[in-house]
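The values are calculated or read from the model by the stated rules, or taken from the named source; none is laboratory data. Being a predicted model, the structure only gives us computed values, none of them experimental. Cβ sites come from the backbone with ideal geometry, for glycine too, and all protein chains shown count toward neighbours. With ligands, DNA and RNA removed, areas are computed over all heavy atoms of the protein, side chains included. Shrake-Rupley method; radii C 1.70, N 1.55, O 1.52, S 1.80 Å.
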Amino acid sequence: MPAMTHRQILEAMSGLMLGMFVAVLSSTVVSTSLPRIVSDLGGSQSGYTWVVTSTLLALTVSTPIWGKLADLFDRKVLVQTGLIIFVTGSVLAGLSTSMSWLIACRAIQGIGVGGLTALVQVILSDLVSPRERGRYAGYLGAVFGVGTVAGPLIGGVVTDSIGWRWCFYIGVPFALAAFVVLQKTLDLPRHRREVKLDYLGATLIAGGASTLLIWVSLAGQNYDWLSWQTAALVGAGVAMIVAAIAVERRVREPLIPLNLFSRRTVVLAVIASIAVGIAMFGTSVFLSQYMQIARGKSPTESGLLTIPMVVGLFVASTLIGRRVSRTGRYKHVMLIGTGLLTIGLALMGTLDETTSLVELSAFMLLVGAGLGMLMQNLVLVVQNAVPHTEIGSGSSLIAFFRSMGGALGVSVLGALLASKASSSIAAGLATAGVKAGGTGDRVPAIHELPPVVARIVEHAYGSGIAEIFAAAAPLGLVAMIAVALMHEEPLGTRSGIDIARERDALPQAA
């Protein structure tokens with residue numbers, strides 16, 4: 001297979017970029033409409049959190065499975081399968097009549113997005129060497145930024161005009177287009193390996209991760225943190241993870257090769273990815289609530305107001321990707337990214353319902369730039385550190401822990417917000433002499449409330465959301481320490497196609 005030109009690489013990447021756009025759109029298009037969706041379906045703050053968590057949970061537990069499949073099967077077929085699963089979940093989600101139905105369909109979407117998230121990065125490693133990968137990863141980062149910009153805007157306009165159900169249908173034509181483009185443009189080397197799947201390991205890892213995430217999501221709301229339910233869920237989750245480790249040690253084709261954790265760069269990248277996941281998903285999820293509940297904005301206005309964060313992400317990922325490819329150096333820009341992320345989150349921790357939108361825009365710009373400098377480069381350093389035969393598992397490992405961090409972060413921060421908002425609203429109503437309506441943690445429709453009550457709710461959510469941003473800020477420092485401890489290794493100069501070409505030439509040389 002001859003070396004690919006820049007134009008051929010871009011043609012082959014066109015379907016991947018459409019797939020990435022679909023993956024981003026699935027989460028961002030619904031972010032601005034979530035308050036309206038949950039209100040229409042009679043949901044609560046815990047339900048709001050679960051609409052997001054269910055997708056992250058499915059994405060998290062399926063990512064390592066997709067990554068391992070990428071080391072064993074045709075990657076083109078796998079990414080197309082992910083698109084089909086995503087389309088199925090999207091259509092069913094648009095037909096939802098209850099919160100339970102919506103949450104289940106969002107989980108199906110998450111399985112499809114898990115495949116897209118893991119496989120896009122793996123396939124890129126087939127096409128481009130690590131040294132050149134920063135440049136093309138920057139393009140994917142730019143698509144991520146466009147999807148993040150377009151998603152809330154599309155979601156807001158669609159929700160305000162034809163209804164929130166179309167937020168789920170809107171990604172279907174993009175997914176179908178990606179399927180067709182991949183079929184026409186993507187030509188990858190075949191993997192000549194005996195296939196042996198680790199079914200037991202996959203079951204135990206998925207079960208353990210799911211159980212622990214369910215515990216975190218429900219603790220403090222449905223039962224106390226110190227309770228028999230906590231003991232049962234934590235005990236079951238830990239037992240399954242321990243059993244999974246034992247299985248992974250002895251099987252021939254482990255789902256997550258444990259030898260990956262013997263590499264210092266991989267371990268540090270995993271730690272940083274958890275922090276990035278919490279910051280990325282937590283910021284996007286709760287910013288929409290801040291805009292619509294604390295500031296009384298419409299879904300469309302909410303989408304427009306998040307543009308500064310996406311501009312920061314778009315510009316940083318594009319420029320930094322090209323710089324990394326040109327210089328071969330990545331550590332210093334990643335350190336700058338962790339600094340910007342930490343500062344941005346800390347500043348967002350000072351919000352309330354009266355904060356200037358200009359100030360908020362500056363804070364979001366910092367957070368977006370920090371994420372843009374980190375996200376693609378964390379995958380790059382791991383791909384550069386592991387053998388090409390394990391690049392699927394290594395890439396999915398980063399996506400797995402980033403999603404795990406996001407799911408944990410959304411669950412814990414959502415529980416913190418529910419508790420803070422509930423107590424603040426109760427205290428405010430008592431002070432104002434207004435009798436509480438007994439709606440529990442029901443997400444309020446701010447425009448339907450009396451002015452006195454609306455001001456109390458706006459303050460409760462404004463200060464409560466600020467509190468969760470402040471709680472997330474120290475995680476930026478954790479990411480900074482992890483990146484600082486990394487050893488900067490020279491970026492490789494061979495792509496997956498180069499390796500396949502050399503491998504195929506060996507029998508002839510013999």
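What do you reckon, how do HIS388, HIS487, HIS332 stack up by accessible area (1.4 Å probe), largest on top?
The residues order as HIS487, HIS332, HIS388, largest area first.
Grab the beta carbon distance between SER463 and GLU489, set R0 = 45 Å, and tell me the FRET efficiency rounded to 0.05.
Working: r = 45 Å, r/R0 = 1.00.
My answer for the efficiency is 0.50.
About its Cα centre, how strong a charge dipole does the chain have in debye, to the nearest 20, once Lys and Arg get +1 and Asp and Glu get -1 at the Cβ?
Values: 35 positive and 27 negative charges, 199 e Å.
Dipole about the Cα centre, nearest 20: 960 debye.
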statement: Of every hundred units of 1.4 Å-probe accessible area on the chain, the number belonging to carbon and sulfur atoms, as a percent, is 66
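Just need the relative contact order of the range 11-139 here, percent rounded to a whole number, with Cα pairs under 8 Å and 6+ apart. It would help to have the intermediate numbers written out before the result.
On the way: 130 pairs, mean separation 43.3, N = 129.
That works out to 34 percent.
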- prompt: Against the longest alpha carbon principal axis of the chain, how many degrees, from 0 to 90 and to the nearest 10, is the axis of helix 45-72 turned?
  reply: 0
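When the Cα atoms of the range 247-301 are enclosed in a convex hull and the volume is divided per residue, what value in Å³ results?
120
Restricting to DSSP H runs of at least four residues, report the calculated mean residue ellipticity at 222 nm for the chain, -39500 (n - 2.57) per run over all residues, nearest 500 deg cm²/dmol.
Value at 222 nm, helices only: -27000 deg cm²/dmol.
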query: In what sequence, highest mean first, do 120-130, 425-435, 262-272 appear when ranked by Cβ atoms within 10 angstrom?
result: 120-130, 262-272, 425-435
task: Provide the solvent-accessible area of GLU301, counting protein heavy atoms only and rolling a 1.4 Å probe, rounded to the nearest 10 Å².
output: 80
message: Suppose each label sits 7 Å from its Cα in the direction of the beta carbon; what would the LEU72-SER356 distance come out to in nanometres?
response: 5.8
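Looking at the P(r) of the chain, how many percent of alpha-carbon pairs lie beyond 29 Å?
Values: 62750 of 129795 pairs.
Of all Cα-Cα pairs in the chain, 48 percent lie more than 29 Å apart.
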task: Treat the range 214-257 as a sphere of radius equal to its Kirkwood radius over Cα pairs and apply Stokes-Einstein at 4 °C in a medium of 1.567 mPa s; give the translational diffusion coefficient in µm²/s, rounded to a whole number.
output: 109
query: How large is ³J(HN,Hα), in whole Hz, for each residue of the range 357-364 in order, when computed from phi with the Karplus curve 6.51 cos²θ - 1.76 cosθ + 1.60 and θ = phi - 60°, using x for Gly and Pro?
result: 5, 5, 4, 4, 4, 5, 4, 5
query: Highest mean first, what order results for 14-22, 455-463 on Cβ atoms within 10 Å?
result: 14-22, 455-463
statement: The lysines whose Cα lies under 27 Å from the Cα of LYS435, excluding any fewer than 8 residues away in the same chain, are LYS297, LYS420
- prompt: What share of all Cα pairs of the range 251-381, in percent, falls into each consecutive 10 Å distance bin?
  reply: 12, 38, 28, 16, 6, 1
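Normalised by the number of residues in the chain, what is the relative contact order in percent for Cα pairs under 8 Å and 6+ residues apart? Mind showing how you got there, number by number?
Working: 922 pairs, mean separation 134.8, N = 510.
It comes to 26 percent, rounded to a whole number.
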message: At 1.4 Å probe size, what's the solvent-accessible area of ARG326? Round to the nearest 10 Å².
response: 150
- line: Listed by chain and number, the lysines with an alpha carbon less than 22 angstrom from that of LYS184, same-chain partners under 8 positions apart left out, are LYS76
message: Expected output is a single nm value to one decimal: the length gained when fully extending between THR389 and VAL242, i.e. 0.36 nm times separation in residues minus the C-alpha distance. What is it?
response: 50.4 nm
message: At a threshold of 8 angstrom on Cα-Cα distance, excluding pairs fewer than six apart, so keeping six or more, what relative contact order does the range 225-359 reach in percent?
response: 13
field: Estimated distance in nm for a label pair at GLU448 and LEU226, the labels positioned 7 Å out from Cα along Cα-to-Cβ
entry: 3.9
task: Over the chain, give the accessible area per residue in Å² for a 1.4 Å probe, as an integer.
output: 38
- prompt: VAL91 to ARG455: extension gain in nm, 0.36 nm per residue of separation minus the Cα-Cα distance?
  reply: 127.3 nm
